[in-house]
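Heads up, the thing below is written out as C-alpha cells.
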Amino acid sequence: MRDKNISIKKIKAEDAALLSQVANKAYCDHYLHLWNEGGAWYIEKSFAIKNLEKELNDANAWFYIVYYCNEAVGFLKLNIDAALKGEEHKNALELERIYLTKSAAGKGIGSFLLNYTFEIATAKNKELIWLKVMDSSHTAIQFYKKMGFEICGTHYLDFPQMKEEFRGMCIMKKTLSKTHDHL
C-alpha cells in the first residue's frame, strides 16, 4: 500500500542544484560524525553541483528525489547495470545511496524506496540487488535484513580523513526470485 504523502521523481542533470541541496542536508543530518575534520572535502567531492551533473549524465546512474508532503526530503541513486564482485554472472542492480533528512525518519520512506527499487529491478529483469552499508549502522543493517537482504561480504573505506572506527562496510544482497516476489 502506497502512502499518498510520499512521491518520487526521476531527475536529470538540470536538477543538479536541487539534488545538491537535498544531498547536503541529508548527509549533514547523519554523517558528519564519521570525519576527523567535518567531512567538508567529501561533501564537495560528492555533492557539488558540477560533480552531480556529471553523475546525472551517466545513463547507468538513475537518481530520484523523494518528497514527503511535497517537500524534498531525500534521494535515491541506483546503478542499473552493476555486477556484484563474485557474482558477475548475475544481472544485478546496485542500490548505491538512500539518503534521507532527519525530518523524514520514521515515515515509511525507506520502505517505499526499497519497494520502488524492487519494482525497477523487476522491470529490468534483475536477478540481484546489492548495496554497501556502514557496518556501524546497525539500524540500517536490520532494516535491510527485514527487507530481505543478507550480508555477503565486507568493504573497507580508505579515506585518511575518516575516523578509523567508521571505515568498515557490509556488502548486502537480495537475490530476486524468478517471479520477483520481493516481500
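Below is a table of values for the structure above.
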{"item": "If the convex hull is drawn through the Cα atoms of the range 6-175, its volume per residue in Å³", "result": "113"}
{"item": "Distance in nm between pseudo-label sites at Asn51 and Asn24 (7 Å out along the Cβ direction from Cα)", "result": "1.3"}
{"item": "Neighbour net charge for Leu100 - beta-carbon separation under 12 angstrom, K R +1, D E -1", "result": "+2"}
{"item": "Neighbour-count order for Phe159, Phe118, fewest beta carbons within 10 angstrom listed first", "result": "Phe159, Phe118"}
{"item": "Helical contribution to [θ] at 222 nm, DSSP H n ≥ 4, -39,500 (n - 2.57), averaged over the chain, rounded to 500", "result": "-9000 deg cm²/dmol"}
{"item": "Neighbour-count order for Thr122, Thr139, Thr101, fewest beta carbons within 10 angstrom listed first", "result": "Thr139, Thr122, Thr101"}
{"item": "Scattering profile of the range 79-138 at q = 0.19, 0.22, 0.24 Å⁻¹ [log10 I(q)/I(0), Debye over alpha-carbon scatterers]", "result": "-0.77, -0.94, -1.04"}
{"item": "Total charge dipole magnitude, the chain, about the Cα centre, Cβ charges on Lys, Arg, Asp, Glu only, Debye to nearest 20", "result": "480"}
{"item": "Beta bridge orientation in the chain: antiparallel %, DSSP, nearest 5", "result": "90"}
{"item": "Cleavage-rule hits, GluC sites (Glu not before Pro), the range 57-159, DSSP coil, Cβ neighbours within 10 Å at most 13", "result": "Glu88"}
{"item": "Rounded Å value of the spacing that divides the Cα centres of the range 130-179 and the range 77-108", "result": "10"}
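We did not get these values from a lab; they are worked out from the coordinates using the rules stated. As the structure is a prediction and not an experimental result, all values here were calculated from the model. Positions of Cβ are backbone-derived with ideal geometry, glycine not excepted, and every protein chain shown enters the neighbour counts.
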